[in-house]
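Working notes for the structure below.
The values are calculated or read from the model by the stated rules, or taken from the named source; none is laboratory data. Predicted, not measured: the structure shown is a model, and the values here were computed from it. All Cβ positions, even for glycine, are placed from backbone atoms using ideal geometry, and neighbour counts span all protein chains on display.
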Amino acid sequence: MEILKISLAFFKIGIVAFGGGWSVVGLIKQEIVPNWMSADAFSSLIAIAQSTPGPIALNAATLVGWQKAGFLGALAATFSVIAFPLIAMSITLAFSKYIPLKKDLADESLRSGSMAMIIMTLWTLLPQNTLPGPWIFALASFGVTAFTKVNGVWVILGAGAINMLLGVLP
């Protein structure tokens, strides 16, 4: 029964995971935290899912399935998160010559939905503290990457180095 619940949760995530990556983290948290793990464990899950190769949703599904129902749970959760995209792409490819698709309209719709999901993820993962350090680093990093040609990798490494040197964040 647990495998079925996990599969259903990740199937729902797979349906709206068109933004990929970080756009679905908020949705994953809504499905996972009240049912199978604490908020702290979820933060660890996301760190592990991000550090392993592959999409975050796929890695999170595999890890949650493994933790809660072993190998079969991992297999079911992994398949569930990719089932809808596979079905949708198969249908689209099969009927694409019969049903005209307005590509620009579809792209714009998916882009707006992805932006909404990314904002939801940001809201979900906001730090619970009100210390100014994280906000200063976030705003400064945004400003540097948005308004200069500095590569985001250097901004991340620089923010980490400054934080280690100054010990600004808790």
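Overview of results
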{"item": "Some residue of region 7-14 being among the polar types (S, T, N, Q) and modelled with pLDDT of 85 or more", "result": "yes"}
{"item": "Breaking point among (1) at pLDDT below 85; (2) touching a helix residue (DSSP H, G or I) at 6+ places or on another chain (Cβ under 8 Å); (3) surrounded by 10 or more Cβ atoms within 10 Å (Cβ to Cβ), for P170", "result": "(3)"}
{"item": "All positions within region 14-69 that are more than 11 Å from the chain's Cα centre (by Cα), without any contact (Cβ under 8 Å) to a residue 12 or more places away in the chain and under 26 Å from I87 (Cβ atoms)", "result": "T52, P53, G54, W66"}
{"item": "Sole residue being modelled with pLDDT of 70 or more and out of contact with any Asp or Glu (no Cβ under 9 Å at 6 or more places or on another chain), chosen from L75, L125, L110", "result": "L75"}
{"item": "Region 143-166 residues that are closer than 14 Å to G133 by Cα, paired with ones that are modelled with pLDDT of 85 or more and in a helix (DSSP H, G or I) (beta carbon under 8 Å, 6 or more apart)", "result": "A159/A140; A159/S141"}
